[in-house]
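> One structure is given below, represented as structure tokens, and several questions about it will come after.
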Amino acid sequence: SQTIHQWPATLVQPVGSPLSLECTVEGTSNPNLYWYRQAAGRGLQLLFYSVGIGQISSEVPQNLSASRPQDRQFILSSKKLLLSDSGFYLCAWVSKGNYGYTFGSGTRLTVV
Amino acid sequence: DQQVKQNSPSLSVQEGRISILNCDYTNSMFDYFLWYKKYPAEGPTFLISISSIKDKNEDGRFTVFLNKSAKHLSLHIVPSQPGDSAVYFCAASGGSGSARQLTFGSGTQLTVLP
């Protein structure tokens, strides 16, 4: 069966520090992968998506970046965090041709 | 420009009554719609979906209705239970092939009162 792992669950980072969030999917190959952010009291905002290794599309310009070094690994990074980067970050995957995403359990990031 | 809108940020319903959550969209290219349920500090989980070729899909206590001419869909929960208390996101799917992706609404917090 397919599973998605996302870590860490919570993270408190100072302003200006780097960030690395990791997401891995098991039990499938060549999935589409996504990073979403939910800011406090807001909806789900698509940040990045990837249709294959090394292929990243950015939806919102910001100081975040994403990489897909392996087929089932998706990484969200920042060189210098801002206070506005605080939020709940979600990774999701879907098999190509399917509609419904499966989400990871999320990472609560607080930038202080 | 929000292509998927959930205009009610919150809804309170008595246990046993019907909950109706609404969603509007603007992009006529959307051809598949989904509802997700989200508890605090967890990822959203898929609840129910509907293709644009249908106007109704039912799964147990959950029914989704689609009105294409009005670009409107709704989720009905009958009877509502306290465990249904969560944020509900409407999502729409469009595009083709690998470019297909979901666009989410801002969510509605449903509270079912015992």
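> Ignoring the sites themselves, what is the longest stretch of chain A with no trypsin sites (Lys or Arg not before Pro) in a DSSP loop and at most 14 other beta-carbon atoms within 10 Å?
A:1-41
> Across the range B:32-43, in residue order, what do the Karplus-derived ³J(HN,Hα) couplings come to in whole Hz, using 6.51 cos²θ - 1.76 cosθ + 1.60 with θ = phi - 60° and x for Gly and Pro?
8, 10, 9, 10, 10, 10, 9, 8, x, 6, 10, x
> If the cut-off is a Cα-Cα distance under 20 Å, which aspartates and glutamates reach A:Lys96, setting aside same-chain residues fewer than 8 apart in sequence?
Cross-link targets: A:Glu26, A:Glu59, A:Asp71, B:Asp31.
> Please state the shape class of the range B:35-101: rounded when a/c is under 1.5, otherwise prolate if a/b exceeds b/c and oblate if not, all from the C-alpha gyration tensor.
oblate
> Also: Once you place label points 7 Å from the Cα toward the Cβ at A:Asp71 and A:Arg42, how far apart are they in nm?
Going from the A:Asp71 label point to the A:Arg42 one covers 3.5 nm.
> Express the carbon and sulfur contribution to the solvent-accessible surface of the protein assembly as shown as a percent, rounded to the nearest whole number, probe 1.4 angstrom.
50
> In Å², what does the accessible area per residue of the protein assembly as shown work out to with a 1.4 Å probe?
Value returned for the protein assembly as shown: 47 Å² of accessible area per residue.
> Could you calculate the FRET efficiency of A:Ser1 with B:Tyr39 from 1/(1 + (r/R0)^6), where r is the beta carbon distance between them and R0 is 22 Å, rounded to 0.05?
Efficiency for this residue pair is about 0.55.
> Would you mind giving the total buried accessible surface between chains A and B, with a 1.4 Å probe and ligands, DNA and RNA left out, rounded to the nearest 100 Å²?
The A and B chains share an interface burying roughly 1500 Å².
> Just subtract the alpha-carbon distance of B:Ser28 and B:Asn57 from 0.36 nm times their residue separation and send over the number in nm, one decimal.
That pair, B:Ser28 and B:Asn57, stretches by 8.5 nm at full extension.
> Right, another one. To check my understanding: the extent here is largest minus smallest coordinate of the Cα atoms along each principal axis. What are those three numbers for the protein assembly as shown, in Å, largest first?
Here the Cα extents, ordered largest to smallest, are 48, 38, 37 Å.
The values are calculated or read from the model by the stated rules, or taken from the named source; none is laboratory data. Fair warning: this is a prediction, and the values are worked out from it, not measured in the lab. Note that each Cβ is placed from the backbone with ideal geometry, even for glycine, and that neighbours are counted across all protein chains shown. The protein model used for the area step is the full one, side chains on, heavy atoms only, and it has no ligands, DNA or RNA in it. Shrake-Rupley method; radii C 1.70, N 1.55, O 1.52, S 1.80 Å.
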